[in-house]
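See structure below.
Nothing in this text is a laboratory measurement; each read-out follows from the coordinates by a stated rule. Since the model is a prediction, treat every value here as computed from it, not as a measurement. Here the Cβ positions follow ideal geometry from the backbone for every residue, glycine too, while neighbour counts run over all protein chains shown.
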Amino acid sequence: MPHTKTKTAAMDEPRHEREGEHVVTAEHKGSPVAVAIGQSFSGGQYTLPPLPYAYEALEPHIDAETMRLHHDKHHKAYVDNWNKTNQALAELRKAGGEIDQAKLNGLQEDLTFNASGHILHSVFWATMGPRAGGDPIGPLDDVITKTFGAFVAIKAHFAKAAMGVKGSGWAILAYEPVGDALVILQVRNHDLQGIWGSDPLLPLDVWEHAYYLKYKNARADYVAAWWNTVNWQAVGDTYIATLRMYGRK
């Protein structure tokens, strides 16, 4: 029997962004990921992009309280700490004399940790949505089939990568530009076990703060539920934009 693609509401409905508690359409500003990245830096400082939907929009898969804490507290902490780290590095350079090696080492670790946390979360929010899920569409679906054989195969690989993260981290479907290929990454924390130059297309946060309130220690249940929130239109738009950036389309 031929496989039929499942079309989701998130592919057809206008995309939105939050400004405080006000929700406005954002179609004229580009794809959700482009919007989120554009909102992640302003006036010389890194900034927290608003959620592109209400806190409760991903229920029953991800609860409103988790979304509120995850976005408003955890993500904001990475933003604030990136700004603080940049300031501390600037002060260390201006101090004169020989740079303190121990201080520098600590700040360099803080830089990659918080910067990666901010960027991954910004993409994470933008690649989810209400009444989403289903299967990939368009050119992204074609390359997934070419690379992994079938969507069911990539789901199995991705889920195992997410489940296998030791402690805190991410599973990420990324574009690797040297080989013009899709890869699945199993990232520890936010910044370990990545590939230089790769672009995150679909990140899944498996830090406990992303799911513990609802799923407790049942990470597998969270991963299974998360697929129902994936906005494949947003992921596909990001894939096409990434290809264009590298002159591949």
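Please compute the net charge surrounding residue 104, taking Lys and Arg as +1 and Asp and Glu as -1 over other residues with Cβ under 11 Å from its Cβ. Computed value for this residue: -2. Listed peptides 38-49, 172-183 appear in the order 172-183, 38-49 once ranked by packing, highest mean of other Cβ atoms within 10 Å at the front.
For the chain, what is the mean residue ellipticity at 222 nm derived from helices alone (per DSSP H run of n ≥ 4: -39500 (n - 2.57); sum divided by total residues; nearest 500 deg cm²/dmol)?
Details: 10 runs with 112 residues, N = 249.
So the calculated ellipticity at 222 nm is -13500 deg cm²/dmol.
Judged by the mean number of other Cβ atoms found within 10 Å, the most tightly packed of the peptides 147-157, 65-75, 114-124 leads the ranking 114-124, 65-75, 147-157. When Cα Rg over 2.2 N^0.38 Å is calculated for this entry, the matching label among (i) 2.31; (ii) 0.99; (iii) 1.04 is (iii).
Work through the residues other than residue 162 whose Cβ is under 14 Å from its Cβ and net out their charges, Lys, Arg +1 and Asp, Glu -1. Intermediate results must be reported in sequence, preceding the final value.
Values: positive: 155, 160, 166, 188, 219; negative: 205, 208, 221.
Once all neighbours under 14 Å are counted, the net charge is +2.
Enumerate the helices in the chain for which the Kyte-Doolittle hydropathy averages -1.0 or more and the C-alpha atoms extend at least 20 Å along the helix's axis, using complete DSSP H runs. Counting only whole DSSP H runs, the qualifying helices are 101-126.
Distant-in-sequence amide contacts of residue 128, defined by a placed amide H-H separation under 5 Å and a gap of 5 or more residues or a different chain, comprise 231.
Build a GNM of the chain with springs between Cα atoms under 10 Å apart, and of 217, 81, 231 the one that fluctuates most is 217.
Once the mean of 1/r is taken over each pair of separate Cα atoms and inverted, region 138-245 shows a Kirkwood hydrodynamic radius of 14.3 Å. Working note: Cα gyration tensor of region 50-177, eigenvalues times five, square-rooted, sorted largest first, giving semi-axes of 35, 20, 13 Å. My understanding is that a pair violates if its Cα-Cα distance is over 32 Å; which of 73/146; 76/214; 146/216; 73/103; 73/160; 103/155 do that in this structure? Flagged as over cut-off: 73/146; 146/216; 103/155. Each Cα pair under 8 Å and six or more residues apart adds its separation to the average, and for the chain the resulting relative contact order is 22 percent.
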